[in-house]
Structures are given as structure tokens and as C-alpha cells.
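Worksheet: the structure to be examined is printed underneath.
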Amino acid sequence: MPKSKGNIINLESKICIQAVEKAGKKLKNFQENNIISGIKKWNKHEAGLVTEADLLSEKIILETIKSQSSFPILSEEASEEFSFSKDNENFWAVDPLCGTVPFSNSMETWGLTVSFFSSDNSSVGAIMCPSSDEIIYCDEKKVYKNGAIFNPKSHFPEIEDMTVCLEIESGRNWVDLFKDKLDWVRNFSYVNSFASAVYPGSQIIQGNLPIMAIYKISIEHVGALMAIGDKLGIKSTDLEGNDLSVNDFKNKIPEWFLYGWPYAHSKLMDKIGK
């Protein structure tokens, strides 16, 4: 008997949780036992650090997904070929280690993420930040943190006293963008950067950070953030304030990805528009 839409999404939501939990425990073990001190590292491109841990995490996640699902998988480490075959496709998006640089330096600002997008525009996902043993995930309607329904509260000061998270890969991009495209940053008192999307994204979801801006980020990094944020009212837009969906990432990665609570997002849009 064919699976119903609800059964498919419910199953994929459970797979997301299983995948991040299994891989997250393995990655945390690397850090706790100082295995990373001798781990092999290389760069796939400029500012694109990869380690054995990334590939091990990817292997665990892919095996978990494939044991229960036959839908194609888009993974950050691209160990398998992937192509979008049509506008709306059932597929998985995986970042097995989001924050390889902080991870490889024994810092805690990293995480991992698995998301699923269906042809009817339903989406589910899970993120894990193993340093705090937190798994945040969603089904079709609700968000959960470590198994309990999660309804975070967000209260932020005026924009002048807010912190913005800014994630830009490659020092060259930082220099070029600050020449004429980042004037809006001056409206914030502080700018944080974590070399990760999942870690600051988890802080936004929990109401600890108001908003982040990421330059040229692909869907496997932020798919679960978008799926979870959609259920909580967190905005996922470009720098002009246009709402972003998975289809916006299929043919060309948006130049900017803004992710934040409506109040902070509205204030930032007002400043950018002036």
C-alpha cells in the first residue's frame, strides 16, 4: 500500500532525529576523547576545511537515511552525485558537520543538520548542537526540543543594542563586502561570527540571538533552520526582505540569507531601506 503524505512526513521527521543523534554522538566523542588532535584535515577549496570527522558523520547520516528512505540526498560533502530533476522534488539535505573549523579547534560552536523537503512543499528537519546535548526538530506543525514541545520566547532590545550574527566564508569576501555592501552592520552594537550556520541558528531558534545574515549559503546548511523557523514564525529572507523557500536555492544560491525573529528582521529592513 502506498504511503500517505502524512506517513511519509512523519517517517522522515523521525529519520532526521535519528540521523543527527547518531552522528552527533560520534562527533562529540571525537572531541571528548581528544581524537581530533590527530585527525586528518584538508581543504576542498579556499576556506573549505574538511576532516575525517565530516566524512564519518556523513557516512552515519547517509546510512541512517538509506536504511529507511529511497529519496535522493544532497549532502554538504558531496560524496554522492545529486541533481534536482524537477521543480518540486522529494529530497534530503544534509550538513554532517556545520562548523568544521571550530570543531577541529575543540570549540563548541558547531552542529549538524538533516532536513527533508517534499513535493507538496512540506518540510521537516532536525539540528543538533552536541556541546549542549540539544536536539531541536519539527514535524509538520510543531517544534520540539529534546522530545518536548518547544515554544521559545524572544525579547530583544532596540536594534542599536542588539547583536547580529554575520557568517561570511573566506577572508577575501569579508574585505570585498565591507567596501560597500555591509553599511547596514553599523546599526548593531555587536557583530558575532561562529563559522557555522547551525550553531547561531539554534541560538536564534531558542531566542538567545535576534538575527543572522549569511553570505551565499546553500540549502543543505540551512534547510532544517528554515523548516523549524517556519513553524515558529522566524523569517527566512534575502537582504531585500523577500521570503525564501527551498525553490529559491535550486537554480542559484541567494546572495544573502537572513534568518531572524520578526521584530529584529523588521528593524533591520527599515535600516537597510534608508
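Listing E140, E240, E167 from the residue with the fewest other Cβ atoms within 10 Å to the one with the most, what is the order?
E240, E140, E167
Please report K153, K267 as a ranked list, fewest other C-beta atoms within 10 angstrom at the top and most at the bottom.
Taking fewest neighbouring Cβ atoms as first place, the list is K153, K267.
Pull up the cross-link candidates among the aspartates and glutamates for K179, meaning alpha carbon to alpha carbon under 17 Å and not fewer than 8 places away within one chain.
Correct list for K179: E167, E169, E255.
Please work out which option in (i) 0.97; (ii) 1.03; (iii) 1.13 gives Cα Rg over 2.2 N^0.38 Å calculated from these coordinates, and answer with its label.
Checking each listed value against the structure points to (i).
Show me, for region 197-204, the HN-Hα J-couplings you get by feeding each phi into the Karplus relation (A = 6.51, B = -1.76, C = 1.60, θ = phi - 60°), rounded to Hz, glycine and proline as x.
These are the phi-based 3J(HN,Hα) values: 9, 5, 4, x, x, 5, 5, 5 Hz.
What are the residues whose amide H is under 5 Å from the amide H of S119, where those residues sit 5 or more places off or on another chain and H is modelled from the backbone?
Result for S119 returns N90.
With a ≥ b ≥ c taken as the square roots of the eigenvalues of the C-alpha gyration tensor of region 159-273, please select rounded if a/c is under 1.5 and otherwise prolate if a/b is larger than b/c or oblate if it is not?
rounded
Of the listed pairs K22/K66; K235/K271; K145/K235; K22/K235; K25/K231; K181/K271, which have alpha-carbon separations greater than 21 Å here?
From the list (K22/K66; K235/K271; K145/K235; K22/K235; K25/K231; K181/K271), the Cα-Cα distance tops 21 Å for K22/K235; K25/K231.
Since every read-out is calculated from the coordinates, none of them should be taken as a lab result. If you're wondering where the values come from, they're calculated on a predicted model, not measured in any experiment. Cβ sites come from the backbone with ideal geometry, for glycine too, and all protein chains shown count toward neighbours.
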